[in-house]
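S.K.: Following this message is one structure expressed as structure tokens.
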Amino acid sequence: MTRRALELAAFGIGQVSPSPLVGCVIVAENGETIGEGSYIYENVTHAEVIALNQAGEKAKGGTAYVSLEPHAHTGRTKPCTEALINARIRRVVCPIEDPNPLVSGKGFQVLRENGIEVVTGILKDEAARLNEKFCVWHQKNRPFVHLKLAMSLDGRISLTNSVSTQLSGKESAARVQSFRHEHDAILVGGNTAFVDNPSLTDRSGKPRRRKLARIVLDNRLRVSIDSTLAQTAKDAPTIIFSASDDETKIAELEKLGVEVVRLNARNLHHVLSELKTRQLQSVLVEGGTEIAGAFCDAKLVDKLTFIVAPIVIGGHDAPMAIGGEGADSLDGAMRLRDLEIIKHGDDFELTGYPQIRDEG
Ligand SMILES: NC(=O)c1ccc[n+]([C@@H]2O[C@H](COP(=O)([O-])OP(=O)(O)OC[C@H]3O[C@@H](n4cnc5c(N)ncnc54)[C@H](OP(=O)(O)O)[C@@H]3O)[C@@H](O)[C@H]2O)c1
């Protein structure tokens, strides 16, 4: 049933940020499933309350399976702990605490104080993974960063002449759209914006609460007025971080609807904190080489995906996946944990999580 609660929570992908994904199942004393709920931000009502309303009187003495610790404070709604207590639920099964340090553990405490048995830890890794963006947002006080690159077998992300090329196949393209759907923002470097002239939109066709924000790190302000990004800025939030003092071009871009943030984009901590003030909980970094290297060097990558196409590009000058300073020892190299390999058509997706090292 915890797994079902996680599935219900996942219905909210793209529709809950900056809140967490929450799903709930109510099972009666006789083992019958009597209520199910998923949280969607715009609907306001929390998953637990939706499920309890379905269950009605039968909830008394039953078990609530919830994907994340029920909150004990009043936010946009009354505390969910109160709803569970009032429904006379006997047991709450929930894998993890809320990662928000201000409320963490308080929901479980209130439930226990009211005589409700609380069982934790079942499917805890899956539950934390499901809410990884919300967890990083609270634990690291910044947006979750997922770096994603498509590359050849020999680690090149484009051809020698840097001409924009689709390296991966159509099955991988669908996967990339689903990554975009999960995130609040997508980010590229100034050269990628200049060379590829991308649209950087979510074409997954799945529902989302807010439009995907498009971010370009472009100190020299190379993004052209005629670019797809600038020309569609009235339809999709477009933010350029730039140290440029070209006031004429800034004014032209702003007239088209682009937000230009005057800040040296080389300082990624400042960039992320600006994204945080805009309530952007997660960012998908889509390259190119230098931007990918900068995020790796700054240890600001929470999740990494390489989509590897079965081609070899070769040559001395075709851009490699990761630039920047790089590691000067194997100990300093980024090692991935929980590596998953999935096949999409002829391509392989490798996704993992950079291991946190003890810097001391
Ligand atoms: N296969 C893929 O998945 C994929 C994805 C994207 C791009 N690409 C390819 O990658 C190539 C472009 O890569 P690239 O390395 O030349 O360019 P890039 O990483 O897109 O942009 C690099 C530029 O961004 C600016 N920048 C701003 N803030 C920065 C920061 N914090 N760290 C580093 N740079 C920052 C720098 O110039 P200023 O500081 O002067 O602004 C720098 O020259 C293209 O060929 C493109 O097609 C491939």
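Every number in this text was worked out from the coordinates using simple rules, so none of it is lab data. These numbers come from a predicted model, not from an experiment. Because the Cβ atoms are built from the backbone with ideal geometry, glycine has one as well, and the counts that use them run over all protein chains shown.
S.K.: Could I have the simple spin-label model distance between GLN177 and ARG76, label points 7 Å from Cα toward Cβ, reported in nm to one decimal?
M.R.: Each label point is offset 7 Å from its Cα along the Cβ direction, giving 2.7 nm.
S.K.: Report the one residue of LEU336, ASN219, GLN177 whose Cα lies farthest in the direction of the positive end of the charge dipole of the range 140-354 (charges on C-beta: Lys and Arg +1, Asp and Glu -1; origin at the Cα centre).
M.R.: Checked the options; the winner is GLN177.
S.K.: So what is the calculated 222 nm ellipticity per residue for the chain, using -39500 (n - 2.57) for each DSSP H run with n of 4 or more, over all residues, to the nearest 500 deg cm²/dmol?
M.R.: -7500 deg cm²/dmol
S.K.: Based on other C-beta atoms within 10 Å, arrange HIS181, HIS270 from fewest to most. Present the calculation step by step, with values, prior to reporting the outcome.
M.R.: On the way: HIS181 19, HIS270 14.
Least to most surrounded, the residues fall as HIS270, HIS181.
S.K.: Add +1 for every Lys or Arg and -1 for every Asp or Glu among the other residues with Cβ under 13 Å from the Cβ of ALA309, and state the total.
M.R.: Around ALA309, the surrounding residues sum to -1.
S.K.: Take every Cα pair under 8 Å in the range 140-354 that's 6+ residues apart, average their separations, divide by the length, and report that relative contact order as a whole percent.
M.R.: Reported relative contact order: 31 percent.
S.K.: Please compare each pair in LYS170/LYS255; LYS58/LYS140; LYS58/LYS124 to a cut-off of 31 Å on the Cα-Cα distance and tell me which ones are over it.
M.R.: Working: LYS170/LYS255 36 Å; LYS58/LYS140 41 Å; LYS58/LYS124 28 Å.
Long pairs (Cα-Cα over 31 Å): LYS170/LYS255; LYS58/LYS140.
S.K.: When the convex hull of the Cα atoms of the range 140-354 is projected onto a plane and the area is averaged over all directions, what value comes out in nm²?
M.R.: Numbers: hull surface 48.5 nm².
Averaging across all directions leaves 12.1 nm² for the Cα convex hull.
S.K.: Normalising by the residue count of the range 2-132, find the relative contact order in percent from Cα pairs under 8 Å and 6+ residues apart.
M.R.: For the range 2-132, the relative contact order is 22 percent.
S.K.: Hey, got the dipole for the range 73-212? About the Cα centre, +1 on K and R Cβ, -1 on D and E Cβ, debye to the nearest 20?
M.R.: Value, rounded to 20: 420 debye.
S.K.: With charges only on Cβ, +1 for K and R and -1 for D and E, what is the dipole size of the range 2-132 about its Cα centre, in debye, rounded to 20? Numbers along the way, then the final one.
M.R.: Details: 13 positive and 16 negative charges, 46 e Å.
Taking the Cα centre of the range 2-132 as origin, the dipole is about 220 debye.
S.K.: If the elastic network links every pair of Cα atoms under 10 Å, which of LEU229, LEU167, LEU217 fluctuates the most in the Gaussian network model of the chain?
M.R.: Residue with maximal mean-square fluctuation among LEU229, LEU167, LEU217: LEU167.
S.K.: Then there's this: Beta carbons within 10 angstrom, averaged per residue: use that to sort the peptides 59-70, 274-285, highest first.
M.R.: 59-70, 274-285
S.K.: Ok, one more. Rounded to the nearest 20 Debye, what is the dipole magnitude of the chain about its Cα centre when Lys and Arg each give +1 and Asp and Glu each give -1 at the C-beta?
M.R.: Approximately 880 debye in magnitude.
S.K.: Project the alpha carbons of the range 2-132 onto their principal axes and report the range along each, largest first, in whole Å.
M.R.: The Cα atoms of the range 2-132 stretch 34, 28, 26 Å along the principal axes, largest first.
S.K.: Taking the dipole about the Cα centre of the chain, with the C-beta of Lys and Arg at +1 and of Asp and Glu at -1, give me whichever of ALA236, HIS146, LEU68 is farthest to the positive side.
M.R.: Highest projection toward the positive end goes to LEU68.
S.K.: Any idea which of CYS296, ASN267, GLN279 is furthest toward the positive side of the dipole for the range 140-354, if Lys and Arg beta-carbons carry +1 and Asp and Glu beta-carbons -1?
M.R.: GLN279
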